[in-house]
Amino acid sequence: MAEEDKGAARASAPAGAPAGDPAAAPKAPWEDKPVTPVPHDAGAHPAVAELEAAVPGAVAEAVEMAGQVTVVVPLNRLLAACQALKEQLGYGFLVDLTVVDWPGREAGRFDVVYWLHRHRDESRLRVKVRVAEGQEVPSVTPVWKVANWMEREAFDMFGLYFGGHPNLERILTWEGFSGHPLRKDFPLEGIDTGAAIYPDVFPPGGGPVAGGGEE
């Protein structure tokens, strides 16, 4: 750094601040007085309008917050909406599929959330459906194959059933595990599953050491 630049930096730092201390630099205006994002209606947003044009009735509501657009889709329009989003509107990448548990909510206990990305313009869109306890969700694996393990995780952790999934089995716990650990009514201390973590007898080829044989 040139001497005149160093001098300017020292002059702009608060008195008594150590030289070269990043915390001593003046804060940007948005950081000095941060503004809490406020959600607002996104019905007129281009991403929302193009989805509604492609699949009439696919948009139940739309909200934008902190630059992120979320579209709530009726459950019976989910598969059609996802197919249009990929095949017509270019959202070729399913970034993630997550679930949120809202016990006692009248509109449906669960939100299933799909995070979509469109590479041509780096656009992102979040699609959400509300699901009641025991209600079946259509699998989107025919649209995005990557949804396979994501839906299995949602099934395992929350107990949601995805109709049409090619192999809907537990993926993080084991078959016979009691309950779904990410539900808000699952006990924090866990439950006694009766499983032996270190059994005395292992099946052939099993055990904590590869090969499972005795020396």
Inset, instruction - Compute the Kirkwood hydrodynamic radius of the stretch 39-163, taking the inverse of the mean of 1/r over all pairs of distinct Cα atoms, and give it in Å to one decimal. - result: 14.6 Å
Inset, instruction - Report the calculated FRET efficiency for R183 and A54 (r = Cβ-Cβ distance, R0 = 30 Å), to the nearest 0.05. - result: 0.30
Legend entry - Paramagnetic reach from V95 (point 7 Å along Cα→Cβ, amide N under 17 Å) across the stretch 33-51: 47-48
Legend entry - Selection of GluC sites (Glu not before Pro), the stretch 40-133, meeting DSSP coil and at most 15 other Cβ within 10 Å: E106, E122, E133
Legend entry - Residue-span extension gain [H117 to D32] - 0.36 nm each, minus C-alpha spacing: 27.4 nm
Legend entry - Normalised contact order of the stretch 39-163, rounded percent, pairs of Cα under 8 Å and 6 or more residues apart: 21 percent
Inset, instruction - Using θ = phi - 60° and the Karplus relation 6.51 cos²θ - 1.76 cosθ + 1.60, list the HN-Hα couplings for the stretch 34-39 in order, rounded to whole Hz, with x at every Gly or Pro. - result: x, 10, 5, x, 10, x
Legend entry - Amide H contacts under 5 Å for S123, placed H, 5+ residues apart: R118
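Just so you know, all these numbers are worked out from the coordinates, no wet-lab data involved. Fair warning: this is a prediction, and the values are worked out from it, not measured in the lab. Note: ideal-geometry Cβ built from the backbone for every residue, glycine included; neighbour counts use all protein chains shown.
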